[in-house]
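Student: Sending over a structure as structure tokens; questions will come in a sec.
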């Protein structure tokens, strides 16, 4: 692996003293290591020893004694922002229950928490605490929130704890943390150099000036896929419906309303991209819009006319593009999945189709979770069991691209 900028965030767990060994591992591997610490962590780990090992100052205080706002305004540089911008990964080790709670709730009251809030780099959380604290529902809730942000979690080890008890909560060994760090960094190169379009949300076809035909798609699955692709190194363009969820990452986002608008955007974008993940819920029907708002006091009839299948046009524009489509079905029967998709593979020449069951209220439309089948033109490649949509997105990309030559 090429030289990376690794930032270690040290909070005040007793295991903080072990971080000198982690720094040594990273330095021997040729990486540039920066360390930020909470003030209380400095009672356990000597900042001087850290500085000697890394060759860089330890970042601890947002405002040092010689802080000058005039100098900041002149240079246009703030340490915690510069660190956040240029880091390839943040490794929080040890991550105490307190620091986990702060990060989950977006608190930024010291150098470490402020830097994490300001970064788009991957964040690896390495918890270390008493077993009762680890099993507390507040900690579980906070870890779930961090995972929903896209942060990586390395589970603690089980064994003898500093408080004298035995149980889960030990900081993993330093070589385990180093290996996990490299695995995260390697994933950030999975789609490096590739340009990807992701569609998300549901189209809206106007009936009159006030009413539309639409569907229940929130866009959560599409955004999860766009953000996963971004974290895997791709240049991502997210085409999302006006009312769907936004991404907080620096991803190009373009909004659409109708099938026609989405089709127009796709025609402009597809020719210059390598991969399309077509997760949008596109209306199968449109109507002729009334010239004025329909009166609610009288009945009205509307005629549903089939829309043009956007997915069928993609490979006509760019035959070389990798096309990943989505298929919403009701009451999925695994043995019938492959056969039911043959028309989609024949007409759209899709490379892969992701199948999810919209008849279940616990997954799919509007839900934060999903369960899908990844299918190519020959067979089901993988059944990804129910999980948060961000985890589903990661599994979809890894399933398709880790073993595919791009």
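Student: Can you tell me which condition residue 202 does not meet? The list is (1) in contact with a helix residue (DSSP H, G or I) (Cβ under 9 Å, 6 or more places away or on another chain); (2) within 26 Å of residue 287 (Cβ to Cβ), and all the others hold.
Tutor: Against the list (1) in contact with a helix residue (DSSP H, G or I) (Cβ under 9 Å, 6 or more places away or on another chain); (2) within 26 Å of residue 287 (Cβ to Cβ), residue 202 comes up short only on (1).
Student: Does residue 277 meet the test of being touching a strand residue (DSSP E or B) at 6+ places or on another chain (Cβ under 7 Å) and in a helix (DSSP H, G or I)?
Tutor: Spelling it out, it is not the case that residue 277 is touching a strand residue (DSSP E or B) at 6+ places or on another chain (Cβ under 7 Å) and in a helix (DSSP H, G or I).
Student: Farther than 30 Å from residue 364 by Cβ, at pLDDT 95 or above and not assigned by TED's automatic domain parsing to the domain that holds residue 256, is that true of residue 180?
Tutor: Yes.
Student: Looking only at the stretch 269-302, count every residue that is surrounded by fewer than 13 Cβ atoms within 10 Å (Cβ to Cβ), closer than 30 Å to residue 373 by Cα and out of contact with any helix residue (DSSP H, G or I) (no Cβ under 9 Å at 6 or more places or on another chain) and tell me the total.
Tutor: Total satisfying the criteria: 1.
Student: Residues of the stretch 103-129 being within 18 Å of the chain's Cα centre (by Cα) and either over 18 Å from residue 171 (Cβ atoms) or part of a helix (DSSP H, G or I) (or both), which ones?
Tutor: Hits for the stretch 103-129 are 103, 104, 105, 106, 116, 117, 118, 119, 120, 121, 122.
Student: Could you check the stretch 337-363 and list, in sequence order, the residues that are within 25 Å of residue 153 (Cα to Cα) and surrounded by 14 or more Cβ atoms within 10 Å (Cβ to Cβ)? First the steps, then the outcome.
Tutor: First, the residues of the stretch 337-363 that are within 25 Å of residue 153 (Cα to Cα): 362-363.
363, the sole residue that qualifies.
Student: Right, something else. Taking only the stretch 130-173 into account, find how many residues are buried (at least 16 other Cβ atoms within 10 Å of the Cβ), in contact with a strand residue (DSSP E or B) (Cβ under 7 Å, 6 or more places away or on another chain) and either on the phi > 0 side of the Ramachandran plot or in a strand (DSSP E or B) (or both).
Tutor: Going through the stretch 130-173 one residue at a time, the tally reaches 5.
Student: What do you reckon, is residue 119 in contact with a strand residue (DSSP E or B) (Cβ under 8 Å, 6 or more places away or on another chain) and within 22 Å of residue 38 (Cβ to Cβ)? Before you say what the answer is, go through the steps one by one.
Tutor: Numbers: in contact with a strand residue (DSSP E or B) (Cβ under 8 Å, 6 or more places away or on another chain): yes; within 22 Å of residue 38 (Cβ to Cβ): yes.
The answer is yes for residue 119.
Student: I'd like to know if the stretch 190-198 contains one or more residues that are farther than 30 Å from residue 92 by Cβ and either within 17 Å of the chain's Cα centre (by Cα) or surrounded by fewer than 20 Cβ atoms within 10 Å (Cβ to Cβ) (or both).
Tutor: yes
Student: Just wondering, is there one or more residues in the stretch 379-393 that are in the same structural domain as residue 228 (by TED's automatic domain parsing), part of a loop (DSSP other than H, G, I, E, B) and either in contact with a helix residue (DSSP H, G or I) (Cβ under 8 Å, 6 or more places away or on another chain) or over 27 Å from residue 258 (Cβ atoms) (or both)?
Tutor: Of all residues in the stretch 379-393, those in the same structural domain as residue 228 (by TED's automatic domain parsing) come to 379-393.
Right, trim to part of a loop (DSSP other than H, G, I, E, B) and you get 379.
Remaining after also requiring either in contact with a helix residue (DSSP H, G or I) (Cβ under 8 Å, 6 or more places away or on another chain) or over 27 Å from residue 258 (Cβ atoms) (or both): 379.
Checking the stretch 379-393: at least one residue is in the same structural domain as residue 228 (by TED's automatic domain parsing), part of a loop (DSSP other than H, G, I, E, B) and either in contact with a helix residue (DSSP H, G or I) (Cβ under 8 Å, 6 or more places away or on another chain) or over 27 Å from residue 258 (Cβ atoms) (or both).
Student: Now for a separate question. Could you check, for the stretch 303-310, whether at least one of its residues is without any contact (Cβ under 8 Å) to a residue 60 or more places away in the chain, assigned to a strand (DSSP E or B), at negative phi and surrounded by fewer than 21 Cβ atoms within 10 Å (Cβ to Cβ)?
Tutor: yes
Student: Quick one: residue 24 ticks every box in (1) touching a helix residue (DSSP H, G or I) at 6+ places or on another chain (Cβ under 9 Å); (2) at pLDDT below 95 except a single one, so which number is it?
Tutor: (2)
Student: Whether any residue in the stretch 374-390 is free of Cβ contacts under 8 Å to residues at least 40 places away in the same chain, under 26 Å from residue 213 (Cα atoms) and surrounded by fewer than 20 Cβ atoms within 10 Å (Cβ to Cβ) is what I want to check.
Tutor: Looking for residues that are free of Cβ contacts under 8 Å to residues at least 40 places away in the same chain, under 26 Å from residue 213 (Cα atoms) and surrounded by fewer than 20 Cβ atoms within 10 Å (Cβ to Cβ), one finds none in the stretch 374-390, hence no.
Student: Within the stretch 207-217, is there a residue that is modelled with pLDDT under 95, crowded, with 22+ Cβ neighbours inside 10 Å and more than 22 Å from residue 119 (Cα to Cα)?
Tutor: The answer is yes; a qualifying residue exists.
The values are calculated or read from the model by the stated rules, or taken from the named source; none is laboratory data. The model shown is predicted, which means the values in this text are computed figures rather than measured ones. When we count neighbours, we look across all protein chains shown, and the Cβ atoms used for this are built from the backbone with ideal geometry, even at glycine.
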